[in-house]
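A.B. asks: One structure, pasted below without further comment.
The values are calculated or read from the model by the stated rules, or taken from the named source; none is laboratory data. These figures come from a predicted structure and were not determined experimentally. All Cβ positions, even for glycine, are placed from backbone atoms using ideal geometry, and neighbour counts span all protein chains on display.
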């Protein structure tokens, strides 16, 4: 069957298109605006070109560039004009395209060349899964990806906060006084005391009372924490008075931002749970995974039948490792591939971290991998546990069965 390969370099305002035959010859190249009318013109060009050259199938590819390719892919999928050509639509990772381009020497960097490279990559094959577009999953995907974005914003803001905290209260940043540096009690200490000197000068009784009030009497050892806090206050650097007010203002600002983002995440979690009610699935039968992380996984997987097996799904998530072997020697610490769907990987890893707390099989697997690791024990064990979880996710979505934990022998 003769095929047409269409590489599209998508940008905010225009789309550069390169149409290539199976043998590598350029059949046509052109530009259209990145608008609805421009997309319709693009389709007309492809249909006319296919008819002229008696082509029977079309492979379309675009680089993953923000959301600029979404409308184009959706239009291709629903186009009645393209339907007879059985269009296959692929969104290519930018790094994949870049590495493929490096295999050619001295190619210039311009939009025409980029569209040509994408078309040639389509022709060579080894492509990612076709674009999956189901309105239910797309709606869920918008929510779960936005949640991912907010969670990362919180992480960045917390890092920035801790950097400023060292300036105000160096030993509090260095020592593990509170189980959670961003808990209500720890935040109250940072917000309500202007300097470590105030804490050091405060009576132990008053400081204990303050901690109990802010923690709502949830601290197991309020007096022990108060003593550790005063010790840290006495050993901390003293900040120049001219910097004290600005640093306190920066810390207060960061706390406000963190609290606001956390409240937005909670709102999204409720919306995600509502959307999940309309999607039949059995992932939430796994104790610990919950509707939010199940949604994050489902939103990226979509129809699991598009994956050949659990290995294909793991590759899509980027939970595969490059083999490093020479002769009889084989490396022990091999690196995970730096590609794949980052959103799916995130939700699988987060889900695995919760499942290992509730499921004995996964807890034992995590502990075994933790002991085997030479470095980054927790991180490596957790990612390997997420890879194990892929098998279960694939099986449950394929069979639509509820999860039944394996019974362990006594």
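A.B. asks: Out of all the residues in the stretch 315-322, is one or more in contact (Cβ under 8 Å) with a residue 12 or more places away in the chain, in contact with a helix residue (DSSP H, G or I) (Cβ under 7 Å, 6 or more places away or on another chain), assigned by TED's automatic domain parsing to the domain that holds residue 155 and in a helix (DSSP H, G or I)?
C.D. replies: There is no residue in the stretch 315-322 that is in contact (Cβ under 8 Å) with a residue 12 or more places away in the chain, in contact with a helix residue (DSSP H, G or I) (Cβ under 7 Å, 6 or more places away or on another chain), assigned by TED's automatic domain parsing to the domain that holds residue 155 and in a helix (DSSP H, G or I).
A.B. asks: Right, residue 47: in a helix (DSSP H, G or I), out of contact with any strand residue (DSSP E or B) (no Cβ under 7 Å at 6 or more places or on another chain), modelled with pLDDT of 95 or more and farther than 21 Å from residue 70 by Cβ or not?
C.D. replies: It is true that residue 47 is in a helix (DSSP H, G or I), out of contact with any strand residue (DSSP E or B) (no Cβ under 7 Å at 6 or more places or on another chain), modelled with pLDDT of 95 or more and farther than 21 Å from residue 70 by Cβ.
A.B. asks: Just need a number here: residues in the stretch 329-362 that are at pLDDT 95 or above and at positive phi.
C.D. replies: 0
A.B. asks: Please go through the stretch 9-26 and pick out each residue that is within 17 Å of residue 124 (Cβ to Cβ) and assigned to a strand (DSSP E or B).
C.D. replies: Once the filter is applied, which keeps residues that are within 17 Å of residue 124 (Cβ to Cβ) and assigned to a strand (DSSP E or B), the stretch 9-26 yields 18, 19, 20, 21, 26.
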